[in-house]
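Below you'll find the structure, written out as structure tokens, and then a few comments.
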Amino acid sequence: MGEKVQRREDPRLLTGNGRYLDDLGRGALQAAFVRSPHAHARIVDIDIADAWELDGVEAIYTWEDLPGRVAEPLPVLIPHPAMTHARTGYCLARDEVNHVGEAVVMVVARDRYVAEDACARITVQYDTLPAVVGVARARDGDRLVHDDVPGNVAANLRQEVGDVDTAMAAAPHTLTLELAIERSACMPMEGKGVFARWDADDGSLRLYSSTQTSTGVRAAVAAKLELPLAKVEVVTPDVGGGFGVKIVHPWPEEVLVPWAARNLGRDVKWTEDRREHFVSSAHERGQLQEVTVGFDDDGRLLALDVHFWHDNGAYTPYGIIVPIITATQLLGPYKPGAYRVEFWSLYTNTVLVTPYRGAGRPQGCYAMERTMDAIAEHRGLDRAEVRSRNFIQPDEMPWDHGLMFQDGRPLKYDSGDFPASLAKLKALVGWDDFAAYREQAAREGRRVGLGIGCYVEGTGVGPYEGGHVQVETSGRVNVATGLTTQGQGHQTILAQIVADELGVPFDDVHVTTGDTRRMAYAVGTFASRGAVMSGNAVALAARVVRAKALRIAAEALEVSPDDLDIADGVVSVKGAPGTSIALKTVAVMSNPLRYAFDASAAAATQFAGTFDPDTPPVGDDDEPGLEGQDFYSPTQATFANGMHAAVVETDPVTAEIRILRYCVVHDCGVMVNPMIVEGQVHGGVAQGVGGALYERMVYDEGGQLLNASFMDFLMPYASEVPHIETDHLETPSPLNPLGIKGAGEAGTIPVSAVIASAIEDAEGFPIRSMPISPAELWELRRRHAASDPHPVPVQEDPR
Amino acid sequence: MIPTSFDYVAPTSVDEALSVLAEAGDDAKVLAGGQSLLPILRMRLNAPEKVVDLGRIEALRGVRDGGDHIAIGAMTPYCDIVDDALVREHALLLAKAVETVADPQIRHRGTVGGALVHADPAGDVGAPVLALEATLVVVGPGGERTVAASEFFQDLFETSVGDGELLTEIRIPKHTGWGASYEKFVRVSHQWSIVAVAATVRLDGGSIAEARIGLTNMGSTPLRATAVEQALVGKGASDLAEACSAAAEGTNPPSDLNGDADYRRHLAGVLARRAVQKAMEG
């Protein structure tokens, strides 16, 4: 624990020895889908006759062909009382399509070539309907996505702490900000994928899915296919990134592929292509926000009143988790005074919206941090100082905001030292020296700005994760946890934890994730919960095994368990290292045997030693084997936090935006592996930079996604990601045995807020819409110059 | 994202390629590196019955000294251009432009001739070829003909290479000793040009004796800014802004997700001055 151990996954993954979904199922039939070309339409007719002519077509399915529960709408995964109008799609569209890319017909064929050729021969007739695109249009409510959902409102939720109206009326100063933030998407390198093997003799299904929750997929597919849970197992192979989109389940394909496999008695596989990922997976981020804030002369918050309108796309399978997180996590490290937040989650005829790394927090952080900058500007105060004056102080922890968080539990911060974090950040970026740097740059004709953003991130939400630890007689230690891994380094950090807890060499510990055959009870990988939940679960399981090992060894060595210690795989008497017994021998002793198959097994057979004839070989309260299982289930989320600052240069003539420096101070509690934490932060910042400067889903009025390819949807390359300077603060969480708080999403959350803050600082006019491109910044300059009675003369090109 | 099925032919000589094309008529597509064609096929925007791969015609590859010009085989990949001694000595502008194309993988696959015939106005080869007043060699059933670069680009994705014809060689008059720069405006490094300006100049003392300026993505074809070229004659390094500000005059640039026409016109003027200034530096 705490060491920068090299990731053990990397040699395998970096040398091309990963085993991803599409590497499986050679010889399986392959599926392809006819997807809607229209954003909103009624299906009039589907003609599949031509497709059947093709050699190699095995099956063609429309909604009409689906039986029983497969034909019913997909589940609403996370119901909420405020979600009065939840709507989900069908596995294959029934009568109506609600976004471009919705699956209408499934073809199963000899290979993907034939399957796609067959799709091209299928004709679907549509009656098109007016499309609802964009939050503003949805809010107008003059066009409806679902006829029976008035105003396109899936959910309306309001929370209030204190008396906002009174506090606002009494506030010496008030400001209102209208803000917008655009859609982006997870864009993992590997899209989704499903491979199903139906064993007709056994009546059982093995499903491989590129998912963030194998237990979730298992339960969902068993329910849809009306199979006993015991007859379904779900395995995640290597997964090439998830970032949120793969926590949604079951995707239509996760139901249809195994259903088709059972129907046809053949292995069936589907691998999502990039275009499908753009139009038939999920997006996130799109919101319009209106913030009204009341504050005193010193910039202290007295009242905060937030309304926002959240674009949830065509359906709500993942409920209103994203806007709930925005509404609650918006508060960051600050005391808001009286707080009221109300949101409307709105349907549009676009790809559905589910969590993407940060999951509603980037939007909330953006709203709060834009507000902080506006207050500083209004009062003529230093921006860091305004933030500092509103911080919750360390001696005020735990801090209960009086709101309900995304897990239905109180929004109560467990730990954090925000003044210390800010001090570290100011030192790291050179906050107090920036004015001199700006003046120097200005003399060179260059325009630079400094931005800042702070956030608190609820991580490690429940309900639980489990760990199973088993010591083999060879000394090998097998660890299983049910949540899945998408490249985070779980194999490394969970092995570090178990090696420490159990006292065995790191190299002896082998970790399995996301395989329902090894751990049937699990939730999934999301909300920066892997280290918090499974880290603590495997630690608890290792402690169970350790206690058992000590008990068995104590009997053998005729000492008290309290006098024993385990190190490097050997149990020895404290202060007498010569009196010892290897852990692998303890494993032999733990499992009394009748049959010998190797030397160590022979040592455990019934004639191998003396025994007490009056006691059974396995005691009444005991079990054979040196193994144990435990679960970690917290009462509430942990709360990590961080603060970022960036120095940005904007070209005075082209409006090109360059990030010169990017600084991160991060507190995720105890770090299991600081190198992996830094890697998570780096990756998160890279995605944040994408969201701030490049990524947006551009829909036209008809609901066509105009940039559904990597040629037009821009993401930052290594060349656009700045060098990231990091510093850490470790305030352990008091909530869990290891003191961990979670790090997965941290890097992403404040980046749009920070870059907006820096550009605003460089340009001298407010930035109220993100992401921002050079063309948009140039346009903003023109608009501000036109409305400025004393415009700054056009600057000469310094280059 | 799988193409419809097609026949694949890989001739080893230009004559063989021409006869395959003649036989296939409208149903054939030429594969000259494939960095644009393959995505088009995969997205089923085009479904030819036959794909004729020129990749095995050795004669179409390489750069040679043609006396008063250098001759570049149409199938020479970008990566071979960037460091070629003849190109750098006599057509530096082309090397500067080509080294900005996409990423190393694409520069190893994509070819100069393929890019010219594909004629995407956001591509980086057209503007320097135009500015360097190249002559393009086209062969067809009727034999060989040459086309001036100024006549080559007809419209969006359209050149004077007819059905059944092949571009075989690009002849660039030697611009020995000319300084050059390709100023490309992109948001991420591997992106197609939002706008780019290709500039090459010959100096006399400290001032410009001759200038050639090409514009990328300022219209449906690569363009040449002849008015700017003329206005630059006699100008020194500190005296470029006014001449260059006219770079966008008479152009009709596109508006898209990366910027509208106004912004592109503005960029063209800025980039032209930067390009000329850098070109003057070498």
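Odds and ends about this structure:
- Among the residues of B:181-190, the average count of other protein chain beta-carbon atoms within 10 Å of the residue beta-carbon is 4.
- Global form of the range A:213-308, assessed from the alpha-carbon gyration tensor, a/c cut-off 1.5: prolate
- Computed over the Cα atoms of the range B:61-173, pair by distinct pair, the Kirkwood hydrodynamic radius stands at 13.8 angstrom.
- Exposure of A:Asp407 as accessible area (Å², to 10), given a probe of 1.4 Å and all protein chains: 50
- Inter-part distance where the range B:259-282 and the range A:192-233 are each reduced to a Cα centre, Å: 58
- Entry note, the protein assembly as shown: the mean residue ellipticity at 222 nm calculated from DSSP H runs of n ≥ 4, each adding -39500 (n - 2.57), is -8000 deg cm²/dmol after division by the residues and rounding to the nearest 500.
- Distance from the alpha carbon centroid of the range B:42-107 to that of the range A:496-511 works out to 55 angstrom.
- The range A:507-565: trypsin sites (Lys or Arg not before Pro) falling in loop per DSSP and having at most 15 other Cβ within 10 Å: A:Arg517
- Cross-link pairs beyond the 32 Å C-alpha cut-off, checked among A:Lys4/A:Lys269; A:Lys548/A:Lys741; A:Lys412/A:Lys574; A:Lys192/A:Lys741: A:Lys4/A:Lys269; A:Lys412/A:Lys574
- Loss of accessible area when B meets A, both sides summed, Å² nearest 100, probe 1.4 Å: 2500
- Gain in span if fully extended, A:Ala200 to A:Arg517, counting 0.36 nm per residue against the direct Cα distance: 112.2 nm
- For chain A: rounded, prolate or oblate by the Cα gyration tensor [a/c cutoff 1.5]: oblate
- Sequence-distant contacts, meaning Cα pairs under 8 Å at least 6 residues apart, place the relative contact order of chain B at 16 percent.
- In order through the range A:22-30: 3J(HN,Hα) via Karplus (6.51 cos²θ - 1.76 cosθ + 1.60), integer Hz, x for Gly, Pro: 6, 7, 9, x, 4, x, 6, 5, 10
- The range B:100-216 - accessible surface per residue (Å², probe 1.4 Å): 35
- Near B:Ile70, the amide H atoms lying under 5 Å from its own belong to B:Ile172, B:Lys174; only residues 5 or more places off or on other chains count, and H is placed 1.01 Å from N.
- Distance from the range A:58-112 to the range A:272-327 (C-alpha centre basis), Å: 26
- Probe 1.4 Å, protein heavy atoms only - accessible area per residue of chain A in square angstrom: 37
- Taking the protein heavy atoms of the protein assembly as shown in the context of the full set of protein chains, the accessible area attributed to carbon and sulfur is 49 percent at 1.4 Å.
- Three-way shape label, the range A:337-459, alpha-carbon gyration tensor, a/c 1.5: oblate
- When all protein chains stay in place and ligands, DNA and RNA are ignored, the 1.4 Å accessible-area order of A:Glu678, A:Glu763, B:Glu281, largest first, is B:Glu281, A:Glu678, A:Glu763.
- For B:Gln154, the residues whose modelled amide H falls within less than 5 Å of its own, excluding neighbours fewer than 5 places apart on the same chain, are B:Thr159, B:Ser160.
- Helix B:261-281 axis, angle to chain B major axis (alpha carbon atoms, nearest 10°): 70
- Degrees, to the nearest 10: B:14-24 long Cα axis against longest axis of chain B: 60
- Amide hydrogen neighbours beyond the local backbone of B:Val195, cut-off 5 Å, H modeled: B:Phe185
The values are calculated or read from the model by the stated rules, or taken from the named source; none is laboratory data. All values derive from a computational prediction rather than experimental measurement. All Cβ positions, glycine included, derive from the backbone under ideal geometry; neighbour counts span all protein chains shown. The accessibility values were calculated without ligands, DNA or RNA, using every heavy atom of the protein model including side chains. Shrake-Rupley method; radii C 1.70, N 1.55, O 1.52, S 1.80 Å.
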